[in-house]
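These notes concern the structure reproduced below.
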Amino acid sequence: MKNKTAFKAYLSAYHNEVTGSRLLLVVEFPDGTKRRILVDCGYFQEIKYRYLNYVDDINPENIDAMIITHNHIDHTGLIPKFVRNGYRNPIYMTKITQELCPAFLNDACEQQDENAEDMRLRYPEEADKFKPLYYAEDVEKAVNLFYGVSYRKTLEILPGIKMTYFENGHILGAGMVLVQCYCEGMQSINFFFTGDYRMKNCFYEVPPLPKWLKKLPLIMVHESTYGNTNANEIKKCFRENVLTAFSKKQDILIGAFAQGRMQEMLYFFKCLEDDGLIPEDYVICVDGPLGIKTTKKYQSILSWYNPSKEDFIPKCVEFVTPKDRAHLPTDGRPKVVITTSGMLSNGPAHYYVPIYLGMKNAMIHLAGYAAEETLARKLLDCKRDETIKIGGEVIEKKCIVKTTRELSSHITADDGIKFINEFENIIFLVINHGEETNQRTFGERVIEETDVKEVGLIDRDNMYVIYQNAKKDDFYDDVYIKRIPAKLNMSYKLTSKQKERNKRKKRQDEKAAKKKKKNAAKRARKSTNKSKMGA
């Protein structure tokens, strides 16, 4: 049972489902001292949660340290906002992430005006709330706070708090993080944050975790992106689709995320080239300034991290500049274009998609998740020969559109269960980072298929208090875990009401406009009849 003088930790999530990852760990020592650590500081990308990027629900000045698991914007994109609002303490990440992250934050910074304008259009009654979240100087200040850490090197980041990164196959530089909270005379409270993870990567081997870690009493925070999907349910079709397109002399357009997917695509085509499977007349064109910059960074990093994979770019590759772009689709050469963004909604994809969509002898291949309201989702939902509106242009879909989940950088549910079963003493498994149904499905499987003692879901509505009562000489952990309301969604619920008011107003406006048009037509007919009578 709980003890008022116990060694305590509070764990809360400032995200609900997949993006916007922010986990707050508050450690309260028996003497009343508190340490506050933010694990990830991500940008919300789902349409229904994007409003939360503009909500100040954490006071950055109260945070003692920040730990970043990997370089994806849904885990890093609000760092400059935190710095702008007063955060001045170290931001810990792996040394590789430290090299990669600045370019992505600068790119996110350049999109702030567009993002704010989109929110003003969605919430016109609250338009004054939506301004750029940060500026270039905020990114620069944030980067100056970065502290790169080597894998498997334990570092005391605060009095009573130690941190260790372990390798993760999600993307280059990703890490799983062990946070050990300790005080004199008490057993420690150990948190293991998996981040987004996968146990393999085409650019490096992911070494096994050490035995001492697997034996350690742990509170594990585990992702559930594919919490309802087993590996054997994912059809492997990408290689077959590409080779078929080659045999038909089709042009291929592939959307790819600037870090991870674009480089993996290049490695895939390098392997095809090495096997003599790319026709001699084909060219591989890579477009997207951030993706190209990251590709070159990969080469630099791999030169010391894993030199055997440094040469991953096919010989038939051309890096495209904005100047080259206009002539590329019509230069007569059969080609593969790999471009940002992964969901086709940003970057040079805006230029290529309308062109390829109208080509009969072409294939657009999606290589990842297509979220609602993205261009990638629109292409999937539109049947061949139907029309699709892109911007102000209506285009007939003549090309083939294919998709695959086999290239995902997230672990599947069955592999997640295997991973969890490698650990001998998971006291509490906290599930996050997945759609709500996936979280629940995965939680049920953990209860049925593992020896985990307790499982819980965490989101903006629910948080957990962990009481450690065991003394240092005890051979067991006397841990009490209590779920309590987080009450973080209050501002969001108000916004939901505002959203509904906006929808009602839009319906009323449309109804009024329709009535006005009808009345105008009626008056026009009366006027015409009067003219005829007068004649």
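The values are calculated or read from the model by the stated rules, or taken from the named source; none is laboratory data. Here the structure is a predicted model, which is why all the values come from computation and not from measurement. Backbone-built Cβ (ideal geometry, glycine too); neighbour counts: all protein chains shown. With ligands, DNA and RNA removed, areas are computed over all heavy atoms of the protein, side chains included. Shrake-Rupley method; radii C 1.70, N 1.55, O 1.52, S 1.80 Å.
Listing for the model above:
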item	result
Residue ranges of strands (runs of 3 or more DSSP E) in the stretch 1-93 with at least 1 members open to solvent by 10 Å² or more (accessible area, probe 1.4 Å) and touching a Leu at 6+ places or on another chain (Cβ under 9 Å)	7-13, 23-28, 34-39
Residues of the stretch 160-198 satisfying the condition of being within 14 Å of LEU23 (Cβ to Cβ) and either open to solvent by 10 Å² or more (accessible area, probe 1.4 Å) or in contact with a Cys (Cβ under 7 Å, 6 or more places away or on another chain) (or both)	GLY195
ASN106 being open to solvent by 10 Å² or more (accessible area, probe 1.4 Å), free of Cβ contacts under 8 Å to residues at least 40 places away in the same chain and farther than 17 Å from PHE166 by Cα	yes
GLU273 being more than 25 Å from MET343 (Cα to Cα) and among the acidic types (Asp, Glu)	yes
All positions within the stretch 127-159 that are open to solvent by 20 Å² or more (accessible area, probe 1.4 Å) and out of contact with any strand residue (DSSP E or B) (no Cβ under 8 Å at 6 or more places or on another chain)	ALA127, ASP128, LYS129, LYS131, PRO132, TYR135, ALA136, GLU137, GLU140, LYS141, VAL143, ASN144
Test for THR69: is it in contact with a helix residue (DSSP H, G or I) (Cβ under 9 Å, 6 or more places away or on another chain) and at pLDDT below 95	no
Meets criteria (among the aliphatic types (A, V, I, L, M) and under 28 Å from LEU38 (Cα atoms)) for ILE219	yes
Sole residue being among the aromatic types (Phe, Trp, Tyr) and at pLDDT below 95, chosen from PHE7, PHE82, PHE104	PHE7
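Listed here are the residues, each with its yes/no results for (1) assigned to a loop (DSSP other than H, G, I, E, B); (2) closer than 30 Å to ALA371 by Cα; (3) in contact with a helix residue (DSSP H, G or I) (Cβ under 8 Å, 6 or more places away or on another chain).
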site: LEU429; (1), (2), (3): no, yes, yes
site: THR441; (1), (2), (3): no, yes, yes
site: ARG445; (1), (2), (3): no, yes, yes
site: GLU448; (1), (2), (3): no, no, no
site: LYS453; (1), (2), (3): yes, no, no
site: ILE466; (1), (2), (3): no, no, no
site: TYR480; (1), (2), (3): no, no, no
site: ARG483; (1), (2), (3): no, no, no
site: LYS487; (1), (2), (3): yes, yes, no
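Yes/no matrix, rows are residues, columns are (1) in a loop (DSSP other than H, G, I, E, B); (2) under 26 Å from ASP274 (Cβ atoms); (3) open to solvent by 60 Å² or more (accessible area, probe 1.4 Å):
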position	(1), (2), (3)
LYS315	yes, yes, yes
ARG333	yes, yes, yes
VAL337	no, yes, no
VAL353	no, no, no
ARG377	no, no, yes
LYS389	no, no, yes
VAL394	no, no, yes
LYS398	yes, no, yes
VAL401	no, no, no
